[in-house]
Each structure stands twice: as C-alpha cells, then as structure tokens.
Amino acid sequence: MFVKTLRSATPPLAAALLTVVTLGYTLHRGWILTQLWLLALPLSALAFLISIALFTLALWRARRDARRWPLAVTAVLAVIGLCGPVFLILEPEAAAWTRFQLERPAFAAAATVEVPEPGAGDYYGVALPRHLCFVSANCKVAVIGTSGGQPVRFVPDYVGIPDGAVGYGHFTGTPGAGPYDGFGDPICPTTELAGGWWWLTPCPEA
C-alpha cells in the first residue's frame, strides 16, 4: 500500500519541485540578466521549453495512475508552474512584492549593512555578506541618495549594461518622491513593501 501511494505521489511531487524551480528562476531573472546579459534570453527560452517537457512528462505519468488525485494535483501545479512565471514577467511589481515577502528576513539584514556617506566609497556600493548575495543582482548595497536627511540604501534587482538599474530601496520614514540615482538612470519609489522597503523603477516622465 505504501509503495503504491508513493508511486502515485511521484508525479505531483516532481511537479511541485519543478514549480518551485520555475517560479524561483523567474523571481530572480534580474540577477540572471545581470550576470549573463546576452546569454540570458536563449537560456530562459531553453529553460521554459524544458519546463514544458518535464511538466508534460509528469502529467503523462500521473494519467497512467488508476487514481484521479495524482493527475488533478499535477495539472494544478503545471498550470501554476507555467502560467505563474508568465504573470510575474508581465506584472513586475507583483514579482517584486512576491520576492520581497519570500526573502524578507534577508532584506531586513541587508538594511543593517553599514554604508558610506552619500557620494563616498564605491559608486555601486559595498559588498554584502556572501550569504546575502542572492538579495542583490551585483551582491552589493549602494547609497543612491538621501531622503529626510538619511541615506537611501539600494539593492538592485537588475543592473543594466552599461548603466541603469531597478530594485529595492530602504528608506527611513516616508520616502521623498525622488528621483534617485539608479546607476545613471533616475528611479523613483513606486510600490511600498514593508519595513521601510520600496520598489524603485524608472521615474514617470513629467
């Protein structure tokens, strides 16, 4: 009985793992774009095709089971694993909110990293501890200006080439409207998250 149940659960478990991978890949696509640049697009397309193939295989295996629940669960997970990334790509603010909530303790830790005065130190910021590197596309936290006399910490979700960035800014109190220096591009806070963190994107044209 146990062996039969385990066999039935294999396709849903595989689909669940694949869903976590596809959503995690999508939520960190800014890091992938920053690190791989031109290779990121073909790699993402290949990853999506592989995901479709693996979900199809899981559905085929689940369909062969005499019970109904493996196919139903696998199908739901396949929809989430394939449609979820598309939604997050089309709705970047939803992706930013989701990623922040999932990694909130790491963002809270990044907000405590000591930074130099605005205009001092490296333009792209100071290095984060290695265990926090996944928070920032370049493993750094920068100061991109001041708000209310306090430095605005910034961890980029994506860093463009040769310049430009979008990402997460930490403010003390209510943030000023901006603009702030997104590594050469003016960026403004658009979505409030929690704990002083905001999502910053290119400022709307006046």
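Screening Leu57, Leu17, Leu49 for residues that are at pLDDT 90 or above, within 19 Å of Pro85 (Cα to Cα) and surrounded by 13 or more Cβ atoms within 10 Å (Cβ to Cβ) leaves exactly one candidate, Leu17.
Whenever a residue of region 57-68 is over 17 Å from Leu17 (Cα atoms), it has no partner that is part of a loop (DSSP other than H, G, I, E, B) and at pLDDT below 85 lying with C-beta atoms less than 8 angstrom away and at least six residues away or across chains.
Can you confirm whether Ile32 is of a type outside the set (S, T, N, Q) and open to solvent by less than 60 Å² (accessible area, probe 1.4 Å)? Answer is yes for this residue. Exactly one residue out of Leu88, Leu82 is outside any loop (DSSP other than H, G, I, E, B), touching a Ser or Thr at 6+ places or on another chain (Cβ under 6 Å) and touching a residue at least 40 places away in the same chain (Cβ under 8 Å): that is Leu88.
So that you can scan it fast, the table gives a plain yes or no per residue for (1) of a type in the set (Gly, Ala, Ser); (2) touching a strand residue (DSSP E or B) at 6+ places or on another chain (Cβ under 6 Å); (3) farther than 15 Å from Trp198 by Cβ; (4) at pLDDT below 90:
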{"site": "Pro118", "(1), (2), (3), (4)": "no, yes, yes, yes"}
{"site": "Asp122", "(1), (2), (3), (4)": "no, no, yes, yes"}
{"site": "Gly125", "(1), (2), (3), (4)": "yes, yes, yes, yes"}
{"site": "Ser147", "(1), (2), (3), (4)": "yes, no, no, yes"}
{"site": "Pro151", "(1), (2), (3), (4)": "no, yes, no, yes"}
{"site": "Pro156", "(1), (2), (3), (4)": "no, yes, no, no"}
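For region 128-140, the candidate set comprises residues that are without any contact (Cβ under 8 Å) to a residue 40 or more places away in the chain and open to solvent by 70 Å² or more (accessible area, probe 1.4 Å); within that set, the residue that is nearest to Ala106 (Cα to Cα) is His131.
Criterion applied to Leu13, Leu43, Leu38 was being in contact with a helix residue (DSSP H, G or I) (Cβ under 7 Å, 6 or more places away or on another chain), part of a helix (DSSP H, G or I), more than 30 Å from Gly195 (Cα to Cα) and not polar (S, T, N, Q), and the one residue passing it is Leu43. Figure legend. Inter-residue proximity from region 92-108: first residues open to solvent by 30 Å² or more (accessible area, probe 1.4 Å), second residues hydroxyl-bearing (Ser, Thr, Tyr) and modelled with pLDDT of 95 or more, beta-carbon distance below 9 Å, spacing 6+ or different chains. No pairs are indicated. With the structure loaded, tell me whether Tyr168 is open to solvent by 10 Å² or more (accessible area, probe 1.4 Å) and either at pLDDT 85 or above or over 19 Å from Trp31 (Cα atoms) (or both) or whether it fails that test. So Tyr168 does not fit the description; no.
The values are calculated or read from the model by the stated rules, or taken from the named source; none is laboratory data. Computed from a prediction, not measured in an experiment: that's the story for all the values here. Glycine also receives a Cβ, built like all others from the backbone with ideal geometry; neighbour counts cover every protein chain displayed. Heavy atoms of the whole protein, side chains included, go into the accessibility calculation; ligands, DNA and RNA do not. Shrake-Rupley method; radii C 1.70, N 1.55, O 1.52, S 1.80 Å.
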